[in-house]
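A quick write-up on the structure given underneath.
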Amino acid sequence: MARFLRNRGNFPRWLGIFLTFHFVLIGWVFFRADSLASAWTMLNQISSFTLGMANVSPGFAGMFGLAAALHYLPENWYTRVQQTFADAPAFAQAAALLLLVLLIQRAVVTGAAPFVYQRF
């Protein structure tokens, strides 16, 4: 082991990052699964490279699509909207933020998942 650590310069850094990242991801699958059988089922589904939308609500898909589309708007539009928001009266800013919160609540159907350490 000490010999490997001394010669780790021969091991490509990107490969170490890649392997570590995937090891952690696979570990989380086993950590979050209800049983070993369900973990294997999840890993089989992931390795089949098929897409499924069973866990995606229409509201979330719409919000995700809108967010993805907004990334392709020109940058000056973003600064213009930001300046318009900053120049608006306080009640208009509050109404816009309230509308944003209501849209987010509408998109989230199931609510937040409990943090992993609270499940024990």
Could you grab me the full set of residues in region 22-49 that are surrounded by 13 or more Cβ atoms within 10 Å (Cβ to Cβ) and of a type in the set (Gly, Ala, Ser)? Ala33, Ser38, Ala39
Pairs please, first residue from region 49-60 and in the same structural domain as Gln105 (by TED's automatic domain parsing) and on the phi < 0 side of the Ramachandran plot, second anywhere and basic (Lys, Arg) and surrounded by 10 or more Cβ atoms within 10 Å (Cβ to Cβ), Cβ atoms under 7 Å, 6+ apart in sequence or on different chains. Gly59/Arg106
Residue check for Gly27: at pLDDT 90 or above and not aliphatic (A, V, I, L, M): yes
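The values are calculated or read from the model by the stated rules, or taken from the named source; none is laboratory data. None of the values given here were measured: they were computed from a predicted structure. Don't worry about glycine lacking a Cβ; one is built from the backbone with ideal geometry, like all the others, and counts go over all protein chains shown.
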